[in-house]
Amino acid sequence: MKQMDTKTLANYINGEWMEAEHTAPVINPATGEEIAKVPLSSEQHVEKAVQAAKKAQKEWALVPAPQRAEVLYRTGTLLREQKERLARLLTMENGKVLEEARGEVQEAIDMAFYMAGEGRRLFGQTTPSELKDKFAMSVRVPVGVIGIITPWNFPIAIASWKSFPAIVAGNAVVWKPATETPMMAYELTKILEEAGLPKGVMNLVFGSGSTVGDAMVHHPNIQVISFTGSNEIGRNIAAECGRQLKKVSLEMGGKNAVIVMDDADLELAADGIIWSAYGTSGQRCTACSRVIVHEKVKAELEARLLAKIKHLTVGNGLNEEVKVGPIINKQGIEKIKRYIEIGVEEGARLLTGGYELIEGDLKKGNYFAPTIFTDVKGTMRIAQEEIFGPVVSLIPVKSFQEAIEVNNCVEFGLSSSIFTQDVNKVFRAQRDLDTGIVYVNAGTTGAEIHLPFGGTKGTGNGHRDSGIQALDVFTEWRAVYVDYSGKLQRAQIDVE
Ligand code: NAP
């Protein structure tokens, strides 16, 4: 077979594209073909990037925010012009089907325009002083150099959630994307350059987490780490940042549930479950991996889900007919297989799926059959741990209250959903479900960029990506007092 031309990607440091001595292949998970080579950088590359960012940030912070925002408007326009090309590349490196890849690029476009708008807001507060002839206000100021570490499952959307607010707020960035999906990072950085971002404000350093990521976390001149990824790595990063008193924002795993009550529109619920569970092959942080179903409607819901799964074509996401793409790599397949064994050993019943797909061309890539376990208990490992594949556990319950308790009995707290037609249950659920995101009569995925995104409990550490709340990660609050009385006025003392 003819070998594809491969592209060697480069780091972007201080406005220059630099190839690295060592590279790793980038593999299309749908076909097993090499599609690019990604630099494996060293600590020295991180050092250069941080020095460049530190220098550039001082000048960038002095550019009026509405002018900084102009770069993001141009970025949004360029992303929009190149949406189809970028979506195809995204499908090739990540595997998600083209329709979802287009949606992900759209998310970055939306974020660019939204954060560009913040360039004319970045609101602070004015407030009366307790003293005469004195003015008091609080303003947002940039933090400095931001270290951004991103995962492979949303290679352009998550990067936009983090880098656009950081840039508009006047920071400079050192970005390490996941080694599995470097092409979106390369393309986005090229677009930022074309949009006129001054050199040194965005620095892209490819390489492994254990070398490049670790060097960023330890670097004393990076003031903030914004990380999205797995819990194990996030916790280690937080511990190190804690030692250094470095600000850290963590967005990590989920074990998201759809609750289906006995009064639910079951057809709608089944559609919501299929979309949330098998979109991106279950490799979303917000993927539905548990269905908490009222026992009265369990059999009917199972039948509807089985009927819908039959129509889910699995294959290469570049084919518009395909609804479920590949798993990112062989380790991902092995992890899913281990959880299938665990589920069977725990006594859950496999309703459908449970195996790798290896017929015909599928054996060249990494494919797993959409899977449902039923008769699962909320305490089983398959209902507690993140599997990150197309595997759903159906957990029968007897009441609304039990459904809420089962939803809340996991270590994660990212997203949840309830299908019901009872307005009282809707309002109780949005109060009692303990996740950062709650959906009513929709699946567990579908966040919009102008709302805060993130989770409670083991999913994060209280920060949020996207929405104006993202600005809290990338800015400090400064309180400013201006005394125009011409005399010493002491707060709390000279108040008469
Ligand atoms: P991961 O293995 O934790 O990797 C995430 C990033 O961290 C990658 O860039 C990785 O680099 C880097 N990294 C690895 N070791 C590191 C270290 N010692 N120091 C610093 N950085 C290090 O996660 P993933 O497999 O890419 O992503 C899947 C996970 O992300 C799932 O748990 C998912 O739920 C979570 N996620 C959460 C959200 C959210 O918003 N809550 C969104 C999407 C995904 P390399 O891989 O290049 O080595």
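Each reported figure results from applying straightforward, stated rules to the coordinates on display, with no laboratory input. Please read all numbers here as calculations on a predicted model, not as lab measurements. Every residue, glycine among them, receives a Cβ derived from its backbone with ideal geometry; neighbour counts consider all protein chains shown.
Some observations on this one:
- Output for segment 79-99, where each listed residue is surrounded by 19 or more Cβ atoms within 10 Å (Cβ to Cβ) and part of a helix (DSSP H, G or I): LEU79, LEU86, ALA87, LEU89, LEU90, THR91, MET92, GLU93, ASN94, LEU98
- Residue count for segment 236-245, restricted to those that are without any contact (Cβ under 8 Å) to a residue 40 or more places away in the chain and either near the ligand (Cβ under 10 Å from one of its atoms) or crowded, with 21+ Cβ neighbours inside 10 Å (or both): 3
- Any hit, segment 244-266, residues being in contact with a Cys (Cβ under 9 Å, 6 or more places away or on another chain) and in a helix (DSSP H, G or I): no
- Within segment 16-31, the set of residues being assigned to a loop (DSSP other than H, G, I, E, B) and without any contact (Cβ under 8 Å) to a residue 24 or more places away in the chain comprises GLU19, GLU21, HIS22.
- Selection over segment 279-310 of residues that are among the aliphatic types (A, V, I, L, M), part of a helix (DSSP H, G or I) and either within 13 Å of the ligand (Cβ to nearest atom) or farther than 15 Å from LEU351 by Cα (or both) gives a count of 1.
- With respect to (1) more than 17 Å from the chain's Cα centre (by Cα); (2) more than 8 Å from the ligand (Cβ to nearest atom); (3) under 20 Å from GLU16 (Cα atoms), the lone exception for GLY207 is condition (2).
- Boolean, GLU334 is of a type in the set (Asp, Glu) and out of contact with any strand residue (DSSP E or B) (no Cβ under 9 Å at 6 or more places or on another chain): yes
- In segment 353-369, the residue that is surrounded by the fewest Cβ atoms within 10 Å (Cβ to Cβ) out of those that are touching a helix residue (DSSP H, G or I) at 6+ places or on another chain (Cβ under 6 Å) and without any contact (Cβ under 8 Å) to a residue 60 or more places away in the chain is GLU356.
- Of all residues in segment 293-318, exactly one satisfies the criterion of being free of Cβ contacts under 8 Å to residues at least 24 places away in the same chain and closer than 21 Å to GLY32 by Cβ, namely THR313.
- Restricting attention to segment 125-157, the residues that are more than 30 Å from GLU47 (Cβ to Cβ), touching a Ser or Thr at 6+ places or on another chain (Cβ under 8 Å) and surrounded by 15 or more Cβ atoms within 10 Å (Cβ to Cβ) add up to 3.
- Per the listing VAL212, VAL224, VAL248, VAL260, the residue uniquely in contact with a strand residue (DSSP E or B) (Cβ under 7 Å, 6 or more places away or on another chain), within 8 Å of the ligand (Cβ to nearest atom) and among the aliphatic types (A, V, I, L, M) is VAL212.
- Here PRO452 clears all of (1) without any contact (Cβ under 8 Å) to a residue 60 or more places away in the chain; (2) more than 14 Å from the ligand (Cβ to nearest atom) except the condition numbered (2).
- Contacts under 8 angstrom Cβ, first residue in segment 278-292 being within 15 Å of PRO151 (Cα to Cα), partner among the acidic types (Asp, Glu) and more than 13 Å from the ligand (Cβ to nearest atom), 6 or more apart: THR280/GLU100
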